[in-house]
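Coordinate-derived values only; no laboratory data. Keep in mind that this is a model prediction, so the values were computed, not measured. Ideal geometry is used to build each Cβ from the backbone, glycine not excepted, and the neighbour counts take in all protein chains shown.
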Amino acid sequence: MTSLLMSVPVAVPLLGALAYVALGWRRATAWISTASAVLMLAAAIAMIRADPSIALGGLLRVDALSTFMLIVIGAVGLLSTVATPSYLHGEITAGRATTRTATRHSVLVQLFLAAMALAVLAANLGVLWVAVEATTIVTAFLVGQRRTRAAVEAAWKYVVICSAGIALALLGTFLLNYAAAHAPGDAGLELAELTAHATGLDQGVTRIAVVLLIIGFGTKAGLAPLHAWLPDAHSQAPAPVSALMSGVLLSVACYAILRVKVIADAALGIGFTRALLVGMALASLLVAASLLLAQRDYKRMLAYSSIEHLSLVALGAAIGTPFALAAALLHVLGHGLAKGVLFLGAGRLLQLTGTSRIDEVRGLAARHPVLAWCLGLGVLALIGLPPFSLFASELGIARAGFAGGLGWPTATALLLVLVIAAALIGHTSRMLLGPAPEGPGAATAPRRLPAPLAVALVGGLLACAALGVTTGPLSSLLHQAAEIVGGAR
């Protein structure tokens, strides 16, 4: 039964893609993507209490960590796909897209979901790399979907930088395979076997491999130094795709880093990856804080915020205690929900106003109160105010950092987080409050949100708030996943 459930998150979106290829995008097929996300999430929830197991001849492996990541993919995927039909309808009505564009969009999104599910279910580091590379290929077409000069430029920048990063990860994979081939046992690239035989790996080769793997997968996570693709890609991609990229793609890349960390800690001790991750986290936070202060584009503002939050996840991974790791994983889910809401709301705002410039949007609360409330609450969730889950996860990471001997990096990170929070509040308040300007920012569209979009926005905020009050059945799963990353067996 578990083997069947494991195949669902990969097989269902692939079938959804085939359905869109055969039938196209129209009213009768518009909700196939949503049904696919529902089945993915249901399969992940059904596997919460399942024991670790393998399927498809050892190609797939599920444990608490991969199950949790499947829940993240399913939850954020559901938010995005619920809002997608109304978004695409708006683009088609405005003449910026056609039903052919919508069909291509839907096929690529389904392939994107399948690739991310395969990445977190992969039992082999090589398969994990292939799945992450597949996400680059698929999302490049989604980033450039509008075919404007800015969108095409962003797509090429995304491909070039991420391909460079993933090439580093491929070289690291080769080196780790070389180390495993010259170590006792027959580990190959199997993640579980690599961890079990890590003490026999050549330390010099393994150090180089780990650096290449973490920097390579860190590129896809939007971490410095190879982070420059992220604001351009997120700002040019369609809103539902931006929600998936920020809420899920970056998290899947962090998942790959966590899997590498387990092997590295067993082979080299915790100090090596700790120093590397702390350096990348603080550098990324500094980049996000400095560029957010003078940001002029609200979609780019949300993109730089993604760099901030994935940096906090990296910091939690660097701390490495079970409490810190559980908080970091909770942060992944909370960030995915909050950022999904904000990017979907930003997409609607762009359709209403015709501009993504912060200084050209004013008086949103008076003209579109529901959208304004959702955006305002989403930003409050993003900066870590209660009752939203990001408050609990950021507090957990901070407490674990001070208790785990990383006082000065944690204090530095908190200072930068405060700077980022001030920038987000300042930019958002100017858009929501005050009189509306004349020109592009003076939206004249109806005040009422499309019902599916309203459901996605409100549902995402409620889920994020509920996680801040209690993790419920996820508590045990978070604990088990943290033990896996922490090296417990």
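Expressed in nm to one decimal, what extension gain is obtained for the pair Leu415 and Arg430 from 0.36 nm per residue of sequence separation less their Cα-Cα distance?
Difference between extended and current length: 3.1 nm.
What's the exposure ranking of Phe174, Phe68, going from fewest to most Cβ atoms within 10 Å? List each step's numbers first, then the result.
Values: Phe174 14, Phe68 25.
Starting with the residue having the fewest Cβ neighbours, the order is Phe174, Phe68.
What trypsin sites (Lys or Arg not before Pro) in the stretch 66-150 are in a loop by DSSP, with at most 11 other Cβ atoms within 10 Å of the Cβ?
For trypsin sites (Lys or Arg not before Pro) across the stretch 66-150 that sit outside H, G, I, E and B with at most 11 neighbouring Cβ atoms in 10 Å, the list reads Arg147.
Can you give the extra length, in nm with one decimal, that the chain gains between Ser7 and Thr148 once fully stretched, where that is 0.36 nm per residue apart less the Cα-Cα distance?
Full extension from Ser7 to Thr148 adds 47.0 nm.
Under the rule a/c < 1.5 gives rounded, and otherwise a/b versus b/c splits prolate from oblate, where does the stretch 260-316 land using the Cα gyration tensor?
Prolate, since a/c reaches 1.5 and a/b exceeds b/c.
With labels modelled as points extended 7 Å from the Cα through the Cβ direction, what inter-label distance (nm, one decimal) is found for Asp202 paired with Leu395?
The answer from the label model is 5.0 nm.
So for the chain, considering every pair of alpha-carbon atoms, how many percent are separated by more than 42 Å?
Tail fraction, whole percent: 11.
Return an integer: the convex hull volume of the alpha-carbon atoms of the stretch 31-117, in Å³ per residue.
Roughly 86 Å³ of hull volume per residue.
Taking the alpha-carbon centroid of each part, what is the distance from the stretch 462-480 to the stretch 316-388 in angstrom?
19
What lysines could a cross-link reach from Lys261, if we take a straight Cα to Cα line under 21 Å and drop same-chain neighbours fewer than 8 places away?
Cross-link targets: Lys220.
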